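The values are calculated or read from the model by the stated rules, or taken from the named source; none is laboratory data. Remember, predicted model here, so these are calculated numbers, not experimental data. Cβ: placed from backbone, ideal geometry, glycine included. Neighbour counts: every protein chain shown. Note: areas computed on protein heavy atoms with side chains; ligands, DNA, RNA excluded. Shrake-Rupley method; radii C 1.70, N 1.55, O 1.52, S 1.80 Å.
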Amino acid sequence: LAGLQFDLIAAPPAQPRNILCGQLIGLTISMTAGFLLEGEYAWIRTALAPALAIFLMSKLGVVHPPAGAAAMIFSSGKHGLEDVWALMVANVIAIVCATVVNNLSSNRQYPTFWGLVPCCFT
């Protein structure tokens with residue numbers, strides 16, 4: 001996440017919308033898969049959760065690569081809702097830190113957009 005926010009500041013996956021929505025999608029799918037596919041189907045959920053998360057993120061236009069990795073980790077069933085909230089809070093803190101640090105320089109602007117992509121309004 002830090003690599004995206006401090007090196008690729010103009011890239012869509014580094015924007016707050018993609019970070020928060022992508023993580024929310026990935027975590028929702030992986031936690032649901034963790035609850036629905038238990039026991040001998042653990043290998044299916046570990047493969048299916050990130051695949052579905054990445055598919056849905058790309059269809060909704062909020063691709064965030066670390067969210068695919070989080071979906072795989074959280075689909076193991078070893079993490080609870082408190083871990084989901086901890087990850088989401090950590091993402092918000094990372095966005096705030098990246099916003100402050102990147103905007104200290106007049107040559108950098110982060111985020112490029114907060115919500116909708118600016119091209120949608122022209």
If you go through segment 102-115, how many residues are open to solvent by less than 80 Å² (accessible area, probe 1.4 Å) and under 12 Å from Gln5 (Cα atoms)?
5
Taking the stated definitions as given, is Thr99 part of a helix (DSSP H, G or I), buried (at least 18 other Cβ atoms within 10 Å of the Cβ) and of a type in the set (Val, Ile, Thr)?
no
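Just checking, how many residues over segment 59-80 are farther than 21 Å from Ile44 by Cα and not basic (Lys, Arg)? Let's see the steps before the verdict.
Start the filter on segment 59-80 by keeping residues that are farther than 21 Å from Ile44 by Cα, which leaves 59-64.
Right, trim to not basic (Lys, Arg) and you get 60-64.
Total satisfying the criteria: 5.
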Residue ID - nearest to Ala11 (Cα to Cα), chosen from residues in segment 32-84 that are open to solvent by 80 Å² or more (accessible area, probe 1.4 Å) and assigned to a loop (DSSP other than H, G, I, E, B):
Lys78
Which condition number in (1) closer than 19 Å to Gly80 by Cβ; (2) surrounded by fewer than 13 Cβ atoms within 10 Å (Cβ to Cβ); (3) touching a Ser or Thr at 6+ places or on another chain (Cβ under 8 Å); (4) among the hydrophobic types (A, V, I, L, M, F, W, C) is the one that Ala10 fails?
(1)
